[in-house]
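S.K.: I'd like to ask you about the structure that follows.
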Amino acid sequence: ATGCGGNQATSGQGSATSGSSSSSGTMAKQPEFVWRMQVIHNTGQSDFEQNKQTAEKIYKATNGRLKIEVHPNGTFASSMEAFQAAGDGVFEMLSSWPIYAKGIDYAFVPLGTGNLTMDAHDKWVWVYEAGGWDLLQKAFDKINLKLLAVEIWGTEVLMANQPFKSIEEMKGKKMRTSDPRLLEKNGVAAITMPLEEVFTAMSTGAVDMAEFGNLDWNKGIGLTDVAKYGIWPDFWNVHFITTVVVNKNAWNKLPPDIQQIVEMAFQSDELKHWTRSQYRSAITMKELEKSGKMQFVRMPEEQFIKLREQMYEIEQEDIKKYGGLTAEVYQSLYKFMEDWYPYKDIARWWGWGLTPEQQLGYQPKK
Amino acid sequence: MTPLETILVVGIIFLIVLFMGHPLAFTLGGLGIIFGATLWGNPGVLNLFVRSTNNLITSIAYASIPLFIFMGAVLERSGAADDLFESMYVILGRLRGGLAITTVVICTLLAAASGIIGASITVMGMLALPSMLKHRYNPELATGTIMAAGCLGTLIPPSIILIIYGAQAQISIGKLFAGGIGAGLVLSGLYIAYIFVLCLLKPKSGPAIAPEEAGKYTSQQKIVLAIKSILPTLGLILMVLGSILFGVATPTEAAALGAVGALLIAALHHRLNWQMVKEASFATMKTTAMIMYIILTASMFTSVFLGLGGGQVISGIVNGLNMNRWLILSVILFIVYIMGMFIDSYGVLLIGVPIFTPVVYALGFDPIWFAIIFAVMIQMSYLSPPFAYAVFYLRGIAPKEISTAQLYRACFPFMALQVISLIILSLFPAIITWLPSKIM
Amino acid sequence: MTGKLAKVLKAIDSLSENTGKLFSFLILIMVGLETIEVIRRYILHSPTTWAWEVVVLLYGAHFITGGAWVLKEGGHVRTDILFSRFSPKMKAIVDLLLFAIIFFTFVGVMIWKYSIHAIYSWSIKETTYTMWAPPFYPLKTVVAISFIFLGLQGLAKWIRDLIFVIKGEEI
Ligand code: NA
Ligand code: NA
């Protein structure tokens, strides 16, 4: 157990969680274990708030034996460094995007995201049913981390200065993206700049478009103030995996009953990021459209068929270049898609591709 | 130990070591490691310092620091900076304090081109300080002007602090930028007014050109001087600024363009040669390493402070407050100021934003207004002795004749002006909130 | 004896200084790369995906290697309000003590932990986290060596202070 970290439970603020003092006297006076957890978000944003709540649940469920202090992004290590830092034991737990660990093993890229790959829903199926979980753990084994929970983020929006209708129209334009592989092949001037520069670049026109997060998240930092158009479908990060991981040494010190509680607590709310970010984005879109601040565009699907073929070529190059776990992950994904898509195609939801009105069965009042 | 006791012990030992004259960078790094190793409760903490290092050596935002410093070093050696200030000295004629006022104006322009404090202070220390000292300006006025105006970059966009604040508090960064302009101009205006009045009352603080000297130049000559000496450097700074505003370059790239511009100006002055470039490179390295080691170790110390429960201590204080809303606001701002004395501004934001914003919103203060006021306080903490980053940055390049005590004293009048700006911004909040409400 | 020692100390000085001077030229490459990138993007509409990252890696190597040189020149700033009033001997005594406790803790841990880290980075052929993914281990090696040089320069300073306190000699 850590020696410092506070025994006065306070609540409702930043860097510290807190046990609630309203519970009965069965709470342990001093936690047996005090852990530090760094998350990918800042206070007030969904990943921080949700993990804080989970930490509170764990505190109660263990009768105050395990206290997890939740700290915002960058408190102990930058996002890029955080996985290794957790594995090194700087802090015990981390919630973050494993793509940031790709410097350790390239396999974290296909494990975590991809251009023109499957959507969040399908990725869930792969993770839980078709081998994804074990492959993720295999990658984390390299940095002394145990995988506790997976969250899969859904579709993001492209923030743009022009209502691009196709990749063709984007040729020669400047796009900020985290993954330039496919764009470069199609003549888009892909720029991988970090957030500090994106905002200024977007508002001054140094870039013509930028992908960052879902619409709700982008609104939070004001990207919706500097872009006129929001464009779908998401072809750059069709899904994005967040993982909750724990340092193995710290984990092994926990008694089995607490281990069980921690696992259950973190896994219980996994879907919520996805539901919340997507629903809030829907509401945000409605508001932005109503106020006339932004307009939204959907690019026709057909053009992506050829792009998917290109992407497959890129993936093959990755396999050749990196082999090992990267190859294993791609093979597992292909195998899954071969099994899954024929079924999904024939058994698909009846409303796929219909207009909102057709799905409702009535004309909603404006 | 409770977190409060821990933090008190940490703070006291820190101040003792600092006052015994141990170099700041090693004080922050060494004590960060010692406190981490003894109080953290987990040997893994030592790897924290590896991570802090990796974080800083890959930071695009900080990459602009050496680039700006190099621009300053070249301008200094090209003679352009000297020409600029000499010409201003002549052109402003009998206006006392004219060089200091010029410095504030240039700092304001630089602030619009850079988001990082260390860059402007060192650049202006190289460009403006020699001229002011040569013309017998009071060293405290000269250095105070550079340190205070060199901090304007936190308010005038682009500003790294406002970007981080916006991302943390979920406030539109564009609106924060718009809000920062008004407050930045108020401060800049106050500095100019102060210099003007001070030199009016105490002519020796910023002596004007002697009448017989001034008489030597006809107005035609002055115009030629202006074109030859002022336009290139001013044009360069405006070009750096313009390249950002018109979307040609990102802030880091703009700093590089500035360096190229400085080399061109040096060529115009027939001073561009390998010897000069070499010296400018050496000077850049020494200044950059000095500043960056402080930034590096400050981030290490900050992470340890956060991990030892620094945030809990502060939220404990704030959540216990029960008084008039303006008093609560004052206490909060005072805490921001105290925190800024010990830890870096990123740490102040990490702790402060989540703890203070709910309280302040509940009291009915405007989110954008508060964010900007917060940024003013962070700026003030850069100037506040004993742990004043601005003093340390300028110390690294100021001549040895200027003592550290003088630099500390130089801060006080400008801190008073910052307090006045807080009062003005509180009485007229529209200075901050008007522009954000108009443009978006 | 002192003559030999003086030679070693001088060697450390010139190691710090020459390393710092050599790496100071990285600034020229950084300026050049950024400028070319702006031209490529704004005029030719074909930016690279790697220029900014090369600049960032160079920037990291740039400042970190300068630490030892700055120490040699006495350029790491200190709060000298009290310190400047001490006698030369008192200054040396204070430095002997605080460098032993604070400086060497800092630099010792950094050398120890960062060397392990750099070796690990080599062992997995670590790349950066971007899609361009250049190797990360060269920069990490530079950082580890920089901390070693900083430690050497600190040791040189410490030995000089010690000799000054004991013999009153400056070497
Ligand atoms: Na600025
Ligand atoms: Na301060």
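The values are calculated or read from the model by the stated rules, or taken from the named source; none is laboratory data. These numbers were taken from a predicted model, which means no experiment stands behind them. Methodologically, a virtual Cβ is constructed for each residue, glycine included, from the backbone with ideal geometry; neighbour enumeration extends over all protein chains shown. Ligands, DNA and RNA are excluded from the accessible area calculation, which covers all protein heavy atoms including side chains. Shrake-Rupley method; radii C 1.70, N 1.55, O 1.52, S 1.80 Å.
S.K.: Going by the conditions given, is residue A:242 hydroxyl-bearing (Ser, Thr, Tyr), within 15 Å of the chain's Cα centre (by Cα), surrounded by fewer than 18 Cβ atoms within 10 Å (Cβ to Cβ) and closer than 23 Å to residue A:128 by Cα?
M.R.: Working: hydroxyl-bearing (Ser, Thr, Tyr): yes; within 15 Å of the chain's Cα centre (by Cα): yes; surrounded by fewer than 18 Cβ atoms within 10 Å (Cβ to Cβ): no; closer than 23 Å to residue A:128 by Cα: yes.
Spelling it out, it is not the case that residue A:242 is hydroxyl-bearing (Ser, Thr, Tyr), within 15 Å of the chain's Cα centre (by Cα), surrounded by fewer than 18 Cβ atoms within 10 Å (Cβ to Cβ) and closer than 23 Å to residue A:128 by Cα.
S.K.: Return only the number of the condition from (1) hydrophobic (A, V, I, L, M, F, W, C); (2) away from ligand 2 (no atom under 16 Å from the Cβ); (3) crowded, with 24+ Cβ neighbours inside 10 Å that residue B:268 does not satisfy.
M.R.: Single failed check for residue B:268: (3).
S.K.: Please go through the stretch A:34-78 and give me each residue that is part of a helix (DSSP H, G or I) and either in contact with a Cys (Cβ under 8 Å, 6 or more places away or on another chain) or open to solvent by 10 Å² or more (accessible area, probe 1.4 Å) (or both), ordered by number.
M.R.: Residues satisfying the conditions are A:46, A:49, A:50, A:52, A:53, A:56, A:57, A:59, A:60, A:61.
S.K.: Going through the stretch B:323-369 one residue at a time, which ones are among the charged types (D, E, K, R) and assigned to a loop (DSSP other than H, G, I, E, B)?
M.R.: B:344, B:366
S.K.: State all residues of the stretch C:127-166 that are over 30 Å from residue A:106 (Cα atoms) and free of Cβ contacts under 8 Å to residues at least 24 places away in the same chain; if no residue qualifies, say none.
M.R.: The first filter runs over the stretch C:127-166 and keeps only residues over 30 Å from residue A:106 (Cα atoms), leaving C:148-166.
C:166, the sole residue that qualifies.
S.K.: Which ranges mark the strands (runs of 3 or more DSSP E) fully within the stretch A:95-176 that have 2 or more residues being over 26 Å from residue B:47 (Cα atoms) and open to solvent by 10 Å² or more (accessible area, probe 1.4 Å)?
M.R.: A:174-176
S.K.: Report yes if residue B:173 is at the interface with chain A (Cβ under 10 Å from one of its Cβ atoms), surrounded by 24 or more Cβ atoms within 10 Å (Cβ to Cβ), β-branched (Val, Ile, Thr) and closer than 30 Å to residue A:218 by Cβ, otherwise no.
M.R.: Yes; evaluated as a whole, the condition is true for this residue.
S.K.: Let me ask another. Kindly indicate whether any position in the stretch C:138-152 is under 30 Å from residue A:174 (Cα atoms) and surrounded by 18 or more Cβ atoms within 10 Å (Cβ to Cβ).
M.R.: Yes, because at least one residue in the stretch C:138-152 is under 30 Å from residue A:174 (Cα atoms) and surrounded by 18 or more Cβ atoms within 10 Å (Cβ to Cβ).
S.K.: When you go through (1) part of a helix (DSSP H, G or I); (2) open to solvent by 90 Å² or more (accessible area, probe 1.4 Å); (3) over 14 Å from residue A:224 (Cα atoms) one by one for residue A:316, which number turns out not to apply?
M.R.: Checking residue A:316 against (1) part of a helix (DSSP H, G or I); (2) open to solvent by 90 Å² or more (accessible area, probe 1.4 Å); (3) over 14 Å from residue A:224 (Cα atoms), the one that fails is (2).
S.K.: If we keep just the residues of the stretch B:357-388 that are within 16 Å of ligand 1 (Cβ to nearest atom) and open to solvent by less than 10 Å² (accessible area, probe 1.4 Å), which is nearest to the other protein chains (Cβ to nearest Cβ)?
M.R.: Ranking the qualifying residues of the stretch B:357-388, first place goes to B:371.
S.K.: Residue B:179: touching a residue at least 60 places away in the same chain (Cβ under 8 Å) and open to solvent by less than 10 Å² (accessible area, probe 1.4 Å), yes or no?
M.R.: Values: touching a residue at least 60 places away in the same chain (Cβ under 8 Å): yes; open to solvent by less than 10 Å² (accessible area, probe 1.4 Å): yes.
For residue B:179, the condition - touching a residue at least 60 places away in the same chain (Cβ under 8 Å) and open to solvent by less than 10 Å² (accessible area, probe 1.4 Å) - is met.
S.K.: Tell me, yes or no, whether the stretch B:45-66 has at least one residue that is open to solvent by less than 10 Å² (accessible area, probe 1.4 Å), farther than 27 Å from residue C:133 by Cβ and not hydroxyl-bearing (Ser, Thr, Tyr).
M.R.: yes
S.K.: While we're here: Of all the residues that make up the stretch B:321-356, how many are within 14 Å of another protein chain (Cβ to nearest Cβ), away from ligand 2 (no atom under 16 Å from the Cβ) and open to solvent by 60 Å² or more (accessible area, probe 1.4 Å)?
M.R.: 0
S.K.: Please go through the stretch C:99-137 and pick out each residue that is open to solvent by 30 Å² or more (accessible area, probe 1.4 Å), in contact with a Ser or Thr (Cβ under 7 Å, 6 or more places away or on another chain) and part of a helix (DSSP H, G or I).
M.R.: If the condition is that a residue be open to solvent by 30 Å² or more (accessible area, probe 1.4 Å), in contact with a Ser or Thr (Cβ under 7 Å, 6 or more places away or on another chain) and part of a helix (DSSP H, G or I), then C:137 is the only one that fits.
S.K.: Residue by residue through the stretch B:73-121, note down the ones that are within 15 Å of ligand 1 (Cβ to nearest atom), of a type in the set (Ser, Thr, Tyr) and open to solvent by less than 10 Å² (accessible area, probe 1.4 Å).
M.R.: Across the stretch B:73-121, the qualifying residues are B:114, B:120.
S.K.: Take residues that are open to solvent by less than 10 Å² (accessible area, probe 1.4 Å) and more than 7 Å from chain B (Cβ to nearest Cβ) and tell me which of the helices (runs of 4 or more DSSP H) falling wholly in the stretch C:2-98 contain 1 or more. Lay out the reasoning, then the answer.
M.R.: Numbers: elements: C:2-24, C:26-38, C:51-65, C:67-72, C:80-83, C:88-98.
Counting at least 1 such residues, we get C:2-24, C:51-65, C:67-72, C:88-98.
S.K.: Turning to a different aspect of this structure: So which residues in the stretch B:69-87 are hydrophobic (A, V, I, L, M, F, W, C) and over 14 Å from residue B:285 (Cβ atoms)?
M.R.: B:71, B:75, B:80, B:81, B:84, B:85
S.K.: Give the number of residues within the stretch B:334-371 that are farther than 21 Å from residue A:76 by Cα and aliphatic (A, V, I, L, M).
M.R.: Counting residues in the stretch B:334-371 that are farther than 21 Å from residue A:76 by Cα and aliphatic (A, V, I, L, M) gives 8.
S.K.: Give the residue, chosen from B:21, B:41, B:36, that is assigned to a loop (DSSP other than H, G, I, E, B), more than 22 Å from the chain's Cα centre (by Cα) and at the interface with chain A (Cβ under 10 Å from one of its Cβ atoms).
M.R.: The match here is B:41.
S.K.: Which residue out of B:293, B:337 is within 20 Å of residue B:68 (Cα to Cα), under 24 Å from the mean Cα position of the chain (by Cα), more than 16 Å from ligand 1 (Cβ to nearest atom) and of a type in the set (Ser, Thr, Tyr)?
M.R.: B:293
S.K.: Going through B:61, B:73 one at a time, which residue ends up being within 11 Å of another protein chain (Cβ to nearest Cβ) and not in a helix (DSSP H, G or I)?
M.R.: Exactly one residue qualifies, and that residue is B:61.
S.K.: Take the stretch B:146-170 and flag every residue that is farther than 10 Å from residue B:111 by Cβ and either more than 8 Å from every other protein chain (Cβ to nearest Cβ) or within 16 Å of ligand 2 (Cβ to nearest atom) (or both).
M.R.: Correct list: B:146, B:147, B:148, B:161, B:162, B:164, B:165.
S.K.: Mind listing whichever residues of the stretch B:138-177 are within 16 Å of ligand 1 (Cβ to nearest atom), part of a loop (DSSP other than H, G, I, E, B) and polar (S, T, N, Q)?
M.R.: Listed by number, the list holds a single entry, B:159.
S.K.: Please determine, by comparing only the residues of the stretch B:389-410 that are surrounded by 24 or more Cβ atoms within 10 Å (Cβ to Cβ) and more than 11 Å from chain C (Cβ to nearest Cβ), which one is farthest from ligand 2 (Cβ to nearest atom).
M.R.: Top of the filtered list is B:410.
S.K.: Filter the stretch B:76-119 for residues that are part of a helix (DSSP H, G or I), closer than 25 Å to residue B:294 by Cα and of a type outside the set (A, V, I, L, M) and give the result.
M.R.: From the stretch B:76-119, those part of a helix (DSSP H, G or I) are B:76-78, B:80-91, B:98-113, B:117-119; that's our starting set.
Filter once more, so that each one left must be closer than 25 Å to residue B:294 by Cα: B:76, B:107-108, B:110-113, B:117-119.
Within the stretch B:76-119, B:76, B:107, B:108, B:118 qualify.
S.K.: Determine which single condition residue B:289 fails, assuming it passes every other condition in (1) in contact (Cβ under 8 Å) with a residue 40 or more places away in the chain; (2) surrounded by 24 or more Cβ atoms within 10 Å (Cβ to Cβ).
M.R.: (1)
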